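What follows is one structure encoded as structure tokens, with my remarks underneath.
None of the figures in this text is laboratory data; all of them are computed from the coordinates on show. Please read these numbers as outputs of a predicted model, since none were measured by experiment. Cβ: placed from backbone, ideal geometry, glycine included. Neighbour counts: every protein chain shown.
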Amino acid sequence: MTEFFIDFGLFFLKSITVVAAITAIIFAIVAASRGEGKPHGLNIEKLNDKYRKMAETLRHKMLSKSEWRKIEKQQKKARKQEEKKSGDESRKRIFVLSFKGDTRASEVNSLREEVTAVSAVATGDDEIVVCLENSGGTVHEHGLGASQLERFKSRGLHLTVIVDKVAASGGYLMASIADRIIAAPFSIIGSIGVLAQLPNFNRFLEERGIDFEQVTAGKYKRTLTMFGKNTEEDRKKTREDVEEVHRLFKDAVTQHRPELDIEAVSTGEYWYGSKALELGLVDELGSSDDYLMKAAEEADIYAVTYKGRESFVQKIQHALTSFAASLGISNDLR
């Protein structure tokens with residue numbers, strides 16, 4: 001009887017796994033097909049209008065009809081004055097970009113288009129604000145992301161990076177480009193370090209009588225490997241490579257934040273915003289919402305986003321990622 005319940009339990013778990021997999025696939029296909037009608041290309045939204053509409057909607061619900069009529073008249077006059085100000089070339093403009101990174105910094109393709117568009121119209125009197133959320137990942141792709149932000153600096157444009165949640169490892173590499181970094185008190189900042197890791201199945205294969213053959217030309221064409229036998233020389237060379245990348249990482253941060261005690265903060269540790277401020281990793285505490293709402297009183301604020309065309313397979317991949325996130329499956333900081 002015990003064996004029956006064990007077998008039934010295993011069958012039940014397998015059935016749940018199959019159903020979950022089928023559900024995920026259906027969810028992905030439906031989500032991907034729904035994305036067909038979404039607009040592509042560059043999109044511009046004036047945030048001043050967005051904030052005003054939100055406030056008007058709330059007031060309309062709170063006030064009586066007579067009170068609302070009075071407020072509405074005042075708002076019409078205020079809007080006319082604001083429209084006149086918007087035509088004033090001396091009025092400051094703020095261009096807002098958002099970058100939500102993953103381990104492969106896949107949004108870099110959109111970022112480069114946004115940077116190109118904004119750089120074509122922005123002047124030295126304007127400000128660029130990048131709302132950054134990035135916990136790091138591959139070196140070369142996050143390095144490209146940092147290079148895109150560097151394009152603003154090379155044109156003499158003032159760059160502010162605001163971190164509401166996390167700017168760690170490659171994310172901090174990107175943030176360090178800014179003239180000013182603003183971080184929420186409990187945001188995660190830092191992790192100036194480099195990690196290389198991979199499993200090795202060599203003993204597993206040997207125990208089963210499986211040989212792994214690998215032919216290379218060049219002494220260090222391949223060092224650590226997943227299936228071959230790793231040597232101390234392989235490990236030494238990999239450590240040297242990791243140390244070299246770490247040195248380049250520190251040099252890049254120091255170039256833009258020379259006052260930083262780089263040796264004290266490049267241990268691979270991360271800190272919350274308040275401590276990061278003490279260490280000099282950020283310049284002030286705050287959130288993107290507060291900063292932009294306050295700035296809207298004196299400046300015209302434009303959110304700039306670029307959406308490229310995605311293949312059906314890419315849409316399915318993104319949909320599966322969203323499905324996994326809804327189940328609570330996510331990656332931790334590395």
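Of note:
- In region 142-230, GluC sites (Glu not before Pro) in a DSSP loop with at most 11 other beta-carbon atoms within 10 Å: E213
- Among the trypsin sites (Lys or Arg not before Pro) in region 107-191, those placed in a DSSP loop whose Cβ has at most 16 other Cβ atoms within 10 Å are R155.
- Here the 3J(HN,Hα) profile of region 149-159, calculated from phi with Karplus coefficients 6.51, -1.76 and 1.60 at θ = phi - 60°, is 5, 4, 4, 5, 5, 5, 9, x, 8, 7, 10 Hz, Gly and Pro shown as x.
- Likely footprinting exposure, M174, M226, M293, fewest C-beta neighbours within 10 Å first: M226, M293, M174
- Between the amide H of C131 and those of L97, S98, F99, I162, distances stay under 5 Å, these residues lying 5 or more places away or on another chain, with hydrogens modeled in the peptide plane.
- The Cβ shell under 9 Å around T305 holds other residues with a net charge of -1, Lys and Arg each +1, Asp and Glu each -1.
- Per-pair calculated FRET efficiency, R0 = 51 Å: A196 and D289 via Cβ, rounded to 0.05: 0.85
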